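First the structure, in the form of structure tokens, and then the observations on it.
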Amino acid sequence: MKIVIAGAGIGGLTAGAALLGKGFDVTILEQAKALGEIGAGVQLSPNATRVLYRLGVGERLEGLACEPPGKRVRLWNTGQTWPLFDLGAASREVYGYPYLTVHRADLHQALVDAVRAFSADAIRLNEKVEGIVQKGGKVEVQTTSGGVYEADLLIGADGVHSRVRRALFGPDEPVYSGVMAWRGVIDIEKLPEHMRTLYGTNWVGPGAHVIHYPLRGHNLVNFVGAVERDGWQVESWSERGTIDECLADFKGWHEDVRAMISAIDVPYKWALMIREPMTRWTSGRATLLGDACHPTLPFLAQGAGMALEDGYLIARCLARYDNDLPRALGRYEALRLDRTSRIVRGAAANTTRFHNPALAHAEGAAEYVDREWSEERVKERYNWLFEYNVDTVEV
Ligand SMILES: Cc1cc2nc3c(=O)[nH]c(=O)nc-3n(C[C@H](O)[C@H](O)[C@H](O)COP(=O)(O)OP(=O)(O)OC[C@H]3O[C@@H](n4cnc5c(N)ncnc54)[C@H](O)[C@@H]3O)c2cc1C
């Protein structure tokens with residue numbers, strides 16, 4: 001079976017490596033002219049690292065990824081700290097795989113290497129997918145540079161602004177969530193000693209929250225600050241802001257948070273949009289994966305994980321029913337719809353949890369955190385995510 005994948009991002013490359021490993025003929029079309037160092041930190045829970053290790057990519061990340069011993073919750077003004085959950089050895093013990101924090105560029109490069117180890121020229125750069133025509137039992141993909149690729153199957157892995165999704169199902173209708181996020185990478189040397197923690201931290205406060213965790217052998221810290229704000233709605237990974245603007249959004253917050261903001265290299269800002277989960281994403285010989293079909297708010301840290309799971313499972317479904325494409329795609333979609341919709345909804349629900357007005361004053365806040373982050377509630381919210389096993393799920 002000849003397969004064209006639109007987009008050499010996290011999901012497209014995972015699908016590419018998994019499909020090449022099963023003997024499919026794969027071409028990946030990527031709009032970028034070069035594969036560069038864009039993006040910042042990505043969290044990979046054990047359901048996601050399982051995929052990487054099964055594809056032989058996990059080993060390539062060792063030394064570059066960090067493995068936090070656990071996560072903590074901190075209160076926006078007093079800095080009071082609670083344990084959230086144990087990771088490190090506990091994640092390996094309970095789920096079989098580590099919880100890693102990694103620079104997206106490192107993850108991306110490791111996946112590129114895995115694809116190229118199977119097929120040196122599978123990835124075609126500067127090929128932006130534009131037109132899609134399904135006829136005569138084939139799908140024809142046209143690119144803006146004039147390229148024409150014929151395949152038995154097109155997988156749209158072209159991210160949140162997916163061209164393939166639009167061609168198959170029409171324009172989407174994103175709604176601004178009311179929250180924008182600041183993103184930055186910090187050189188750990190620029191932080192005071194007491195802040196050079198190995199733990200992932202989730203600061204919670206009224207109308208805003210902050211997540212930070214170590215990256216790249218603990219030389220960097222990834223910072224994300226989400227804040228309820230109106231008047232600006234650009235959904236982009238490369239829009240720059242200023243440190244002063246970011247500091248203004250976290251006025252009155254604990255000095256640790258403000259010290260971190262002041263140390264950010266370049267602060268980027270992006271508007272967080274909500275899209276209702278799709279009810280299907282296959283049409284004839286074309287289907288979708290990753291952000292193209294289930295873009296999510298980042299508040300469960302499962303965006304990359306879902307793309308990894310999709311890529312691995314579409315390969316398993318196609319290998320199992322390789323003489324029956326509709327059945328393979330039907331199975332893939334059925335397997336993924338419930339889980340990904342539940343993640344998208346759960347991530348949206350975390351906005352209210354992390355930004356709750358009850359967090360405004362220390363006393364009420366402590367009670368609220370004790371309740372919302374009790375061991376039982378945390379297990380209920382995260383266990384089903386982390387224990388998902390792409391190898392044993394029935395295709
Ligand atoms: C530049 C960039 C930086 C990011 N930085 C972060 C980050 O710091 N932290 C984080 O958590 N998440 C980040 N993300 C998002 C994260 O990678 C995704 O949410 C997640 O990994 C899902 O992966 P995906 O494969 O569905 O989409 P993506 O990883 O976004 O990949 C989509 C790919 O498709 C390509 N593409 C788009 N349109 C076309 C087209 N018409 N033809 C061909 N190719 C096309 C894009 O260039 C991209 O390579 C970033 C995404 C991008 C594109």
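May I ask you to list the residues in region 244-278 that are among the β-branched types (V, I, T) and at pLDDT 95 or above?
The answer is V257, I261, I264.
Just checking, does region 352-371 include any residue being surrounded by fewer than 23 Cβ atoms within 10 Å (Cβ to Cβ), over 30 Å from V210 (Cβ atoms) and either within 15 Å of the ligand (Cβ to nearest atom) or not charged (D, E, K, R) (or both)?
no
Search region 321-332 for residues that are at pLDDT 95 or above and pair each with any residue that is among the polar types (S, T, N, Q) when their beta-carbon atoms are under 9 Å apart and the residues are at least 6 apart or on different chains.
So the pair list comes out as P326/T282; L329/T282; L329/T287; G330/T282; Y332/T282; Y332/T287.
Which members of region 351-374 meet the condition of being touching a Pro at 6+ places or on another chain (Cβ under 6 Å) and assigned to a loop (DSSP other than H, G, I, E, B)?
A360
Take the residues in region 158-183 that are charged (D, E, K, R) and buried (at least 22 other Cβ atoms within 10 Å of the Cβ); name whichever of them is nearest to the ligand (Cβ to nearest atom).
Top of the filtered list is D158.
Of all residues being surrounded by fewer than 24 Cβ atoms within 10 Å (Cβ to Cβ) and within 16 Å of the ligand (Cβ to nearest atom) in region 190-212, which is nearest to the chain's Cα centre (by Cα)? Just the residue, please.
Here the residue is I211.
Name the pairs whose Cβ atoms lie under 8 Å apart, with the first residue in region 157-171 and closer than 12 Å to A286 by Cβ and of a type in the set (G, A, S), the second within 9 Å of the ligand (Cβ to nearest atom) and at pLDDT below 95, and 6 or more positions between them or separate chains?
Note: no pairs meet the criteria.
Does region 261-280 hold any residues that are over 23 Å from the mean Cα position of the chain (by Cα) and either in contact (Cβ under 8 Å) with a residue 24 or more places away in the chain or within 16 Å of the ligand (Cβ to nearest atom) (or both), and which are they?
If the condition is that a residue be over 23 Å from the mean Cα position of the chain (by Cα) and either in contact (Cβ under 8 Å) with a residue 24 or more places away in the chain or within 16 Å of the ligand (Cβ to nearest atom) (or both), then A263 is the only one that fits.
This table checks each residue for (1) hydrophobic (A, V, I, L, M, F, W, C); (2) within 16 Å of the ligand (Cβ to nearest atom); (3) in a helix (DSSP H, G or I); (4) touching a helix residue (DSSP H, G or I) at 6+ places or on another chain (Cβ under 7 Å).
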position	(1), (2), (3), (4)
V221	yes, yes, no, yes
E245	no, no, yes, no
K251	no, no, no, no
R258	no, no, yes, yes
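Within region 375-395, work out how many residues are of a type in the set (A, V, I, L, M) and not in a helix (DSSP H, G or I).
Selection size over region 375-395: 3.
Of all residues in region 120-157, how many are touching a Ser or Thr at 6+ places or on another chain (Cβ under 9 Å), surrounded by fewer than 17 Cβ atoms within 10 Å (Cβ to Cβ) and farther than 22 Å from C293 by Cα?
The qualifying residues number 3.
Are there any strands (runs of 3 or more DSSP E) wholly within region 18-80 with 3 or more residues that are of a type in the set (K, R) and either more than 16 Å from H218 (Cβ to Cβ) or away from the ligand (no atom under 14 Å from the Cβ) (or both), and if so which?
Because the criterion is at least 3 residues that are of a type in the set (K, R) and either more than 16 Å from H218 (Cβ to Cβ) or away from the ligand (no atom under 14 Å from the Cβ) (or both), the strands (runs of 3 or more DSSP E) in region 18-80 that meet it are 70-75.
Looking for something more than 13 Å from the ligand (Cβ to nearest atom) and either part of a helix (DSSP H, G or I) or without any contact (Cβ under 8 Å) to a residue 40 or more places away in the chain (or both) - is there at least one such residue anywhere in region 281-303?
Scanning region 281-303, I find no residue that is more than 13 Å from the ligand (Cβ to nearest atom) and either part of a helix (DSSP H, G or I) or without any contact (Cβ under 8 Å) to a residue 40 or more places away in the chain (or both), so the answer is no.
Looking only at residues that are among the aliphatic types (A, V, I, L, M), modelled with pLDDT of 95 or more and not in a strand (DSSP E or B) in region 95-113, which one is nearest to F354 (Cα to Cα)?
Per the stated criteria, the residue is L107.
When V234 is evaluated against the numbered criteria (1) modelled with pLDDT of 95 or more; (2) farther than 30 Å from E367 by Cβ, which criterion, by number, is the only one it fails?
Every condition holds for V234 apart from (1).
Here is a check on your reading of the model: is A226 of a type in the set (G, A, S), part of a loop (DSSP other than H, G, I, E, B) and surrounded by 20 or more Cβ atoms within 10 Å (Cβ to Cβ)?
Against the criterion (of a type in the set (G, A, S), part of a loop (DSSP other than H, G, I, E, B) and surrounded by 20 or more Cβ atoms within 10 Å (Cβ to Cβ)), A226 does not qualify.
May I ask you to list the residues in region 117-139 that are closer than 16 Å to G311 by Cβ and either modelled with pLDDT under 95 or within 23 Å of the chain's Cα centre (by Cα) (or both)?
The one that is closer than 16 Å to G311 by Cβ and either modelled with pLDDT under 95 or within 23 Å of the chain's Cα centre (by Cα) (or both): I123.
The values are calculated or read from the model by the stated rules, or taken from the named source; none is laboratory data. Predicted, not measured: the structure shown is a model, and the values here were computed from it. Using ideal geometry, Cβ is built from the backbone for each residue, glycine included, and neighbour counts are taken over all protein chains shown.
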